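Student: Input: one structure, supplied below.
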Amino acid sequence: MKRRYFLLLGTLLGYASLLEAKHSRPLKQSMQEVEAVIGAVQEHLFPPHTKLPSAKKMGMTAFLFETMAHTSYDKDIKAFVIEGAKKLQQREKGFFLYYSTEEKEEALRAYEATRYGKNWLSRIMILSMEALFSDPIYGSNIKEKGWQALQTEGGFPRPEHRYIFG
């Protein structure tokens with residue numbers, strides 16, 4: 001390889017890694033924001049000081065993201081959950097996380113009035129309910145508080161391992 005081509009190739013590779021670094025930073029921030037938006041929605045749906053344990057107390061957001069990260073989880077649903085949070089934040093011009101309880105309620109009701117938003121909120125509710133009522137071995141329903149709130153027990157036999165595959 002001639003020196004000229006070697007230098008040109010080295011320069012291009014250097015620029016490529018620089019561009020990659022510039023694009024990966026906003027993506028990382030974006031996923032942190034997505035997690036925060038989903039957490040805020042779950043906390044709004046399952047607030048503290050009600051008969052059911054709160055989203056925060058049950059670790060619902062961590063459960064949701066761990067569930068979606070599993071190899072068996074449907075990639076389309078995962079993309080839908082992530083995009084739905086981004087769309088909610090866009091609809092609210094980036095302020096959803098800073099809203100009062102009343103403003104969040106209004107924003108979520110408006111989002112629910114759209115077909116996309118209704119489906120997205122339904123999916124968030126499903127994943128949150130899974131967190132609340134799943135066996136504690138999966139990382140949520142801490143100290144079986146979800147079951148206790150409904151005065152019930154989990155299924156039997158109880159799982160011995162966190163996941164069978166993946």
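Student: Does Gly117 satisfy being over 19 Å from the mean Cα position of the chain (by Cα) and surrounded by 15 or more Cβ atoms within 10 Å (Cβ to Cβ)?
Tutor: No: the conditions fail for Gly117.
Student: Next question. If you check Ala149 against the conditions, is it out of contact with any Asp or Glu (no Cβ under 8 Å at 6 or more places or on another chain), of a type in the set (A, V, I, L, M) and free of Cβ contacts under 8 Å to residues at least 60 places away in the same chain?
Tutor: no
Student: List every residue pair whose Cβ atoms sit under 8 Å apart, with the two residues 6 or more apart in sequence or on different chains, where the first one lies in segment 126-138 and is under 16 Å from Gly39 (Cβ atoms) and free of Cβ contacts under 8 Å to residues at least 60 places away in the same chain and the second, anywhere, is acidic (Asp, Glu) and not in a helix (DSSP H, G or I).
Tutor: Here the result reads none, with nothing in segment 126-138 linked to a residue that is acidic (Asp, Glu) and not in a helix (DSSP H, G or I).
Student: Here's another thing I want to ask about it. Quick one: in segment 145-166, of everything that is under 23 Å from Ala79 (Cβ atoms) and either of a type outside the set (Ser, Thr, Tyr) or touching a Phe, Trp or Tyr at 6+ places or on another chain (Cβ under 7 Å) (or both), which residue is surrounded by the most Cβ atoms within 10 Å (Cβ to Cβ)?
Tutor: Gly166
Student: Based on what the data block shows, is Lys57 touching a residue at least 40 places away in the same chain (Cβ under 8 Å), under 16 Å from Leu132 (Cβ atoms) and basic (Lys, Arg)?
Tutor: yes
Student: Identify, by number, the condition in (1) farther than 13 Å from Phe46 by Cα; (2) in contact (Cβ under 8 Å) with a residue 60 or more places away in the chain; (3) out of contact with any Gly (no Cβ under 6 Å at 6 or more places or on another chain); (4) buried (at least 19 other Cβ atoms within 10 Å of the Cβ) that Ile142 doesn't meet.
Tutor: Answer for Ile142: the failing condition is (4).
Student: Now, a different point. Being outside any helix (DSSP H, G or I), of a type in the set (A, V, I, L, M, F, W, C) and either at pLDDT 95 or above or out of contact with any Lys or Arg (no Cβ under 9 Å at 6 or more places or on another chain) (or both) is the filter here; which residues of segment 47-77 pass it?
Tutor: The answer is none; no residue qualifies.
The values are calculated or read from the model by the stated rules, or taken from the named source; none is laboratory data. Treat the numbers as computed from the prediction; the structure is a model and nothing was measured. For neighbour counting, all protein chains shown are included, and Cβ atoms are generated from backbone atoms with ideal geometry for every residue, glycine included.
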